[in-house]
Amino acid sequence: GKFIGLRGRALGAQEAALYGKYRPIKMNGILYSHPLSLNLYNLNNTKDNIKIIKKAIIFEGEKSCLLYKTYFTKESDISVACCGSNISNYQIQLLLGLKIQELVIAFDRQFKKIGDEECNQLEKKLLGIKNKYSPYVKVSFIFDKFNLLGYKDSPVDKGKEIFIKLFEKRVKI
């Protein structure tokens, strides 16, 4: 529950290209940066629910956690965000410490169509996560093989009903 950093989002394409889409905020000469790989956004709010439900959903972005909570209420919120498209060993250890039985990876739809190069890269990344952590926890993936999301959409971006469909059809390897 302690303040550890503050990130902002670029508003224009040119700014995003120069400095990155997301970056620490600088105010009054103070840069509010923090190591993303050593934290999970929203874990301070969801750890008790995760312990009870024994499941955690990892999104890429903070906004996805906020949407998830509006759909399912804070009492059943089991979402966290890794603040990017990489999950660190430390982040997984934080969740394993809560005795989860299932880790649900809910990354953005980072491909335009099934089978394209970006899709193959995403599949390879997800299989790498599964291979690395499946000895410790059941790993599943929300993967939009039904074309319900737009390019780069989070699984929660198209509303609660679409998310539920994707969650129910998640890939369990």
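The values are calculated or read from the model by the stated rules, or taken from the named source; none is laboratory data. Bear in mind that the values here come from a model prediction, so they are computed numbers and not experimental data. Cβ: placed from backbone, ideal geometry, glycine included. Neighbour counts: every protein chain shown. What goes into the accessible areas is simple: the full protein's heavy atoms, side chains included, and nothing from ligands, DNA or RNA. Shrake-Rupley method; radii C 1.70, N 1.55, O 1.52, S 1.80 Å.
Helix-only arithmetic for the chain: the sum of -39500 (n - 2.57) across DSSP H runs with n ≥ 4, divided by the residue total, places the mean residue ellipticity at 222 nm at -11000 deg cm²/dmol. For mean projected area of the Cα convex hull in nm², the value computed from the atomic coordinates appears in the list (i) 13.4; (ii) 11.9; (iii) 10.7 under label (iii).
The HN-Hα couplings worked out from phi for the range 95-104 by the Karplus form 6.51 cos²θ - 1.76 cosθ + 1.60 (θ = phi - 60°) are 6, 4, x, 8, 6, 5, 9, 9, 10, 9 Hz, whole numbers, x standing for Gly and Pro. Whole-Hz Karplus values for the range 70-84 come out as 5, 6, 10, 6, 5, 5, 10, 6, 10, 9, 9, 10, 8, 6, x Hz, taken residue by residue from phi with 6.51 cos²θ - 1.76 cosθ + 1.60 and θ = phi - 60°; glycine and proline positions read x. Take every pair of alpha-carbon atoms less than 8 Å apart whose residues are at least six positions apart; their mean separation over the length of the range 75-151 yields a relative contact order of 37 percent.
Run the simple label-point estimate for A13 and K51 please: 7 Å along Cα→C-beta, distance reported in nm. Between A13 and K51, the label points sit 4.8 nm apart.
One decimal place: the segment K124-K63 gains 19.4 nm when fully extended, by the rule 0.36 nm per residue minus the C-alpha distance. Computed over protein heavy atoms with a 1.4 Å probe, the accessible surface of the chain works out to 58 Å² per residue. Of the accessible area of the chain, computed with a 1.4 Å probe over protein heavy atoms only, carbon and sulfur atoms account for 54 percent. Highest mean packing comes first when the peptides 37-48, 141-152 are listed by Cβ atoms within 10 Å, giving 37-48, 141-152. Dividing the mean sequence gap of close Cα pairs (under 8 Å, 6+ apart) by how many residues the chain holds gives a relative contact order of 19 percent.
Pairs exceeding a 26 Å alpha-carbon distance, out of K55/K165; K74/K113; K112/K138: K74/K113; K112/K138. Amide H to amide H distances under 5 Å link F111 with K152, where only residues 5 or more positions off or on other chains count and H is placed in the peptide plane.
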